[in-house]
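Quick notes on the structure that follows.
The values are calculated or read from the model by the stated rules, or taken from the named source; none is laboratory data. Bear in mind the structure is a predicted one, so any value in this text is a computation, not a measurement. Because the Cβ atoms are built from the backbone with ideal geometry, glycine has one as well, and the counts that use them run over all protein chains shown.
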């Protein structure tokens, strides 16, 4: 789907306020309510908008520490990759997981309560994941940038 300037305006507003009414959204972007709703429905149907969610403070939930973990598997066979990926999908503290190129096979972003919670997770979860041969952990000291919104102004679509 090619995004035009109006699509980008709609996406920019929805990323900052996903609870906005269609009437308010249409006024902010300069469309009639029916045209605005039609565009939003197309963006949803085409998979540009993939959902709506509340952003919740990890600290308020007791998860004060972010750990970035690099995982190397024993082998990179289809079976090893599928088993590993299925296992990490089951853990709610794995916030993001990426299959990587380079020295590690996977990069994970975990939320943990503290160092003791990570130690437990390392021992009970990470080291028991299928096919793991190496785990390298890095603790985030401070969040510098964490953008909740995509850069729609410079998006090309497609």
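Hey, any hits in region 122-140 for a residue that's part of a helix (DSSP H, G or I) and touching a helix residue (DSSP H, G or I) at 6+ places or on another chain (Cβ under 7 Å)? So far as region 122-140 goes, no, none of its residues is part of a helix (DSSP H, G or I) and touching a helix residue (DSSP H, G or I) at 6+ places or on another chain (Cβ under 7 Å). When residue 102 is tested against (1) closer than 21 Å to residue 148 by Cα; (2) out of contact with any helix residue (DSSP H, G or I) (no Cβ under 9 Å at 6 or more places or on another chain); (3) part of a loop (DSSP other than H, G, I, E, B), exactly one condition is not met: (1). The requirement of being in contact with a helix residue (DSSP H, G or I) (Cβ under 8 Å, 6 or more places away or on another chain), outside any helix (DSSP H, G or I), at pLDDT 95 or above and surrounded by 10 or more Cβ atoms within 10 Å (Cβ to Cβ) is fulfilled somewhere in region 110-119, by at least one residue.
For the condition at pLDDT below 95 and more than 30 Å from residue 125 (Cβ to Cβ), residue 15 qualifies. Residues that are under 27 Å from residue 52 (Cβ atoms), assigned to a helix (DSSP H, G or I) and at pLDDT below 95: does region 141-151 have at least one? Checking region 141-151: not a single residue is under 27 Å from residue 52 (Cβ atoms), assigned to a helix (DSSP H, G or I) and at pLDDT below 95.
Looking only at helices (runs of 4 or more DSSP H) that fall completely inside region 13-90, which ones have 2 or more residues that are in contact (Cβ under 8 Å) with a residue 24 or more places away in the chain and within 18 Å of the chain's Cα centre (by Cα)?
Once the helices (runs of 4 or more DSSP H) in region 13-90 are filtered for at least 2 residues that are in contact (Cβ under 8 Å) with a residue 24 or more places away in the chain and within 18 Å of the chain's Cα centre (by Cα), what remains is 78-89.
Pick from 61, 43, 37, 81: which is closer than 30 Å to residue 127 by Cα and surrounded by 14 or more Cβ atoms within 10 Å (Cβ to Cβ)? After ruling out the rest, the residue left standing is 81. Among the residues making up region 114-148, those that are in contact (Cβ under 8 Å) with a residue 24 or more places away in the chain and under 30 Å from residue 16 (Cβ atoms) are 140, 143, 148.
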